[in-house]
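Every read-out reported here was derived from the displayed coordinates using simple, explicitly stated rules and does not represent laboratory data. Here the structure is a predicted model, which means the values were calculated and not measured. Quick reminder, even Gly has a Cβ in these numbers, built from the backbone with ideal geometry, and neighbours come from all protein chains shown.
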Ligand code: GLU
């Protein structure tokens, strides 16, 4: 029996040969230096902040080189796949402006000439290449049962050996064709493994564009390539897809670094030119003094939804990830505070190669605060409304009921050279402006933050004197002069210098008087510009609030 006939028995019904597949996936017609990258998630339904980082890298390097970034769904582990996993990845990334040149665009549709881009739809392709390896005697049928595998594993653990099927453990390697066929005819289940030509004691040189050239032990494990249900394993599918889809750069987290010898070997066995590899350090967390990888199980902030639900603008998250991606980005951003990530050219050499990058929440929030401070009042209004539409019905209704009034509020100390940085995230907004809406002010159980003046009668005295002369049409100077007028009348220093020289001559200063007014209308001792707050509220409301006391 020829090897070809034998391969046909092991993997029957394969529609095309590998040579035919090679022709179906011709070279891409791209300019010199254009990168082809892929974002290759498993559809497990959870968009991790690291996934955002990963897709950002893929997209960015392809785009800046005039290349192609495609989305490939690695769903060969069906147990981990969830319903609507693909559309949830696509939608989440789209909300961060990450879209792909090729790949699935919904659960059922896709674009691009190198598809299908969902691995479970490519079963015939992997089988064609597995047949090739069988024909070339580089792969074999293995009948090791679950129990046998478990026994081998236990033995290896006990004697502190490497885990896996290699050397003397690879006992089905030398079964004759006849024996294999007989066992198959007897209904025994089998999988296909490579016949690894490597030796663990050989060191191979591998080059990574972030980590440099490293020595790693050659792979000697007879890796599974096709499982008993005919589905390929991740390693096999990924190497074939990267080849057929003409990926030039595989960019991924360094948890995959240890798989590199396997991938390099698979490329060699299949006669492929390997892509370039880029492994970047994971985001980490300081957990009571121990630095560990950000964990999807333990850390709520590992989920992108943690930030979107808090109303952190997606642009700020991307700016933060860009500071992680390239160590010189932050300096650039300081120089170009209004800069767009697209104006910055990323460099593999500037990706941190160390063991990890601390996921720095205060830094992220600081970036976010700066970002929101530069938005116009219209933008803050629209984005707060967007946020409230999902998460705060009460705020949404107020914003819709009073659009112009709300924009005036958002404009306090905004759209100026040094804008006020009062919001880190859109969920902060309500807590900072609630007192501007009677609907919220009147229902709150209020606690007034009176400062140096706490005597009720004195407070009333100040407010009564003030409301008599206050006019909402006053300009800022006139407004301030009127507060001073109240000071002079009631024995407070209208001039801070005079107060500092002779504090005993006065009941207090102009600062104390304006604080009384501030607290009376807002309950807060610290607020943005009081003149603006009073002007926007209008005399009637100011009076009403004075009367509440
Ligand atoms: N499917 C793998 C994952 O979920 C991708 C690894 C790679 O990029 O090669 O992370």
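Computed extension gain for residue 168 through residue 490, at 0.36 nm per residue and net of the alpha carbon distance, reaches 106.1 nm.
If the viscosity is 0.890 mPa s and the temperature 25 °C, what Stokes-Einstein diffusion coefficient in µm²/s follows for region 373-481 when Rh is the Kirkwood radius over Cα pairs? So the translational diffusion coefficient is about 151 µm²/s.
Within the chain, antiparallel bridges make up roughly 55 percent of the DSSP beta bridges whose residues both belong there. From most to least packed by mean Cβ count within 10 Å, the peptides 58-67, 226-235, 317-326 give 317-326, 58-67, 226-235.
Annotation: peptides 367-380, 121-134, 468-481, ranked by per-residue average of other Cβ atoms within 10 Å with the highest first, follow the order 121-134, 367-380, 468-481. Scaling against 2.2 N^0.38 Å puts the C-alpha radius of gyration of the chain at 1.37. The helix-only estimate of mean residue ellipticity at 222 nm for the chain, built from DSSP H runs of length n ≥ 4 each weighted as -39500 (n - 2.57), is -13000 deg cm²/dmol after division by the residue total.
Extending 7 Å from Cα along the Cβ direction at residue 15 and again at residue 377 yields two label points whose distance is 6.2 nm. Here the simple spin-label model places points 7 Å from the Cα toward Cβ, and for residue 354 and residue 452 these points are separated by 4.8 nm.
Taking 19 Å as the cut-off, the amide N atoms of region 406-441 that come nearer than this to a point 7 Å along the Cα-to-beta-carbon line of residue 97 belong to 425-426.
Kirkwood hydrodynamic radius, computed over distinct alpha-carbon pairs, for region 311-366: how many Å, to one decimal? For region 311-366, inverting the mean 1/r across all distinct Cα pairs yields 11.9 Å. Between residue 160 and residue 63, the simple label model (points 7 Å from Cα in the Cβ direction) yields a spacing of 5.1 nm.
The length gained by stretching the chain between residue 478 and residue 504 to full extension, at 0.36 nm per residue less their Cα-Cα distance, is 6.6 nm. What shape does region 49-126 take by its C-alpha gyration tensor, where a ≥ b ≥ c are the square roots of the eigenvalues and a/c under 1.5 counts as rounded, a/b above b/c as prolate, and the rest as oblate? Here region 49-126 falls in the oblate category.
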